[in-house]
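Data first, discussion second: the structure below is written as structure tokens.
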């Protein structure tokens, strides 16, 4: 049976942890605290959002790794620049991977993270794919909590209920060697910063299908891993799309134009199938073209649990041709993208070559019924309106 | 007609330069010289080669770029670490590209570079593909010369005739923004360091064909550009191959197993075709799967000029099946890889699944006839035994 977010508990084909790796394992209990002596002012959100440079919190967590000694004791230290040798592997060979997750200030005043264990597991999987050191996901998760414990209360204060900050765990190869080899030196770091809210584009999200001469990911490639190499090469097409008034690229694959990802988000369609059944549909994981998104997985799980009587919830290949046909026949009900950065964003239009595919939305391009329900359920979990095992309350120093 | 190294003068589909880019162009005539006050000792080559960390010369050239102001005045300054923000785009999204070329100490005492204009043009092309700022290749070339003018005499002294140093021009996105956008801040740098000689592996080079579940590059991807994203993801398979006693992966493509690249080098075969004609063969550029190698191009040009009466010189697709068949039928004459780092290296064996394909070489895995001729001609140009337009003598401060 093909792997799917619904049928398995582990991230797609993740290398087992612990792998054979010499030296000290990453150990969050050894965390060294070195506090900033120059705490910075917290910007208002409008200022933070309008900055060309991401504003981060006072601290970051850093741990270094060497192939002979393993992981150093991690350190929580003042946020600031790194020094890297010009020969550092990550600057030449994209020996780097990352995660994105958010910390949510609840309406009950509590600070929560959403399924951080899944992000930590995926970081470990991505590190294995890009020949970086692996680390126990539980320890990575503890380090995320440690950063939030110190900086959460100040940088996402209780007055900002309903807001979130973005967490970026990253592993880079620092090995200062020009030869292309498996890195012997690396660094894990976790930073916490502002990211503008992107889930309510006026009129809904507008997608342009990928140019005929560009493919984001391919069978036998690494589209399933959150490695830098999946992102930089996509900027060119995205930039051109944005100049034409679109928000993101809908990446197609293969001769038939299978719909895979929408920018850095997973892509969902809600429609009447030809057999009359209503279906919530997204691309499958089994060919490893797409990211096993935490939000994607959560959408599928919630939909199965709460909408399963009314809808088929399906992970399978579907093409842009099927989408055009459904729209033409009046069967297309909704479409949305799902991810951490863009959260759940209703899609109002898809342009494919000469075909403009209008997609029904709610008023002003807001979420229609299914999109709105799923978005609401997830928001309620993230912001503490609903108690749910996916949201972990983080203890904070006041 | 399909593009080929023989039929065109520009790197495959390079974005035209100058493109529409605001601000100051890169201008080597503005170079600022800031000399080191702590000149380092030049290591003997054995020491340099055995180091886990690449040893670079006293200086590097750096120029920064901002989308609003363009390129800064470039600076030749002491070699040393950079500071980068943890949010720097290149650390997350592989917004980075590079070049590799060598400086050769000739037997006549002169210092030469080999076709640096081609590397500079390709750097410009790669930068366009990965959404980094472009720069006039002529100015990049002049900056390469400037670094060699200052550090060449000391770091590659005349006593080391027949030796070379490795040049690494690199462009990275320094933009400190977590959002995935076209970078507004970037840096060009050029460093000069030691790289162990790799073109004479005892017994010849042993290749393992790529694992069935891994593809290096694909139609619609970016395999033709020298961007970091092509390299890091290949380390995993290469590392496994090395642990099994091979030197590099022979990357296959498609259902038929087309031979594309050998590790970071281009791949050549010399054989008797079925029609009896002798042929020197390498993969084509038209599907943009492979790098338009400077050494590849030079091999083709020299072979056409000097071996064209005896051999067909061909750029076309060929499969691992054809290779096995040729070996079985006694038609396989030679094979070699061609690139800057590995130079011209005779291949003595290719392992494909259960097939072991022995390849004829000279004594002890050294070059056979064609490989040896091409390697000799290129060496003679690089080290000044033959005057040739491809080798530029660099003026040096004594």
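Tabulated results
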item	result
Residue, nearest to the chain's Cα centre (by Cα), within segment A:79-118, restricted to residues that are within 18 Å of residue B:186 (Cα to Cα) and part of a loop (DSSP other than H, G, I, E, B)	A:94
Residue match in segment A:119-135 (condition: free of Cβ contacts under 8 Å to residues at least 40 places away in the same chain, under 21 Å from the mean Cα position of the chain (by Cα) and not in a loop (DSSP other than H, G, I, E, B))	no
Subset of segment B:227-255 (residues that are more than 9 Å from every other protein chain (Cβ to nearest Cβ), touching a helix residue (DSSP H, G or I) at 6+ places or on another chain (Cβ under 7 Å) and either free of Cβ contacts under 8 Å to residues at least 40 places away in the same chain or over 22 Å from residue A:173 (Cβ atoms) (or both))	B:252
Strands (runs of 3 or more DSSP E) contained in segment A:254-331 and holding at least 1 residues over 22 Å from residue A:342 (Cβ atoms)	A:265-272, A:278-282, A:311-315
Residue count, segment B:138-161 (criterion: part of a loop (DSSP other than H, G, I, E, B) and in contact with a strand residue (DSSP E or B) (Cβ under 7 Å, 6 or more places away or on another chain))	2
Checking residue A:189 against (1) within 10 Å of chain B (Cβ to nearest Cβ); (2) buried (at least 22 other Cβ atoms within 10 Å of the Cβ); (3) in a loop (DSSP other than H, G, I, E, B), the condition it does not meet	(3)
Total residues in segment A:354-395, condition closer than 30 Å to residue A:209 by Cβ and outside any helix (DSSP H, G or I)	12
Residues located in segment A:192-226, provided they are touching a residue at least 24 places away in the same chain (Cβ under 8 Å), in contact with a helix residue (DSSP H, G or I) (Cβ under 7 Å, 6 or more places away or on another chain) and within 7 Å of chain B (Cβ to nearest Cβ)	A:222
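Let's see how each residue does on (1) assigned to a loop (DSSP other than H, G, I, E, B); (2) modelled with pLDDT under 95:
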site	(1), (2)
A:6	yes, yes
A:9	yes, yes
A:17	yes, yes
A:20	yes, yes
A:35	yes, no
A:41	yes, no
A:52	yes, yes
A:60	no, no
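The values are calculated or read from the model by the stated rules, or taken from the named source; none is laboratory data. Model, not experiment: these values are computed from the prediction. So basically every Cβ, Gly included, is an ideal-geometry build from the backbone, and we count neighbours across all protein chains shown.
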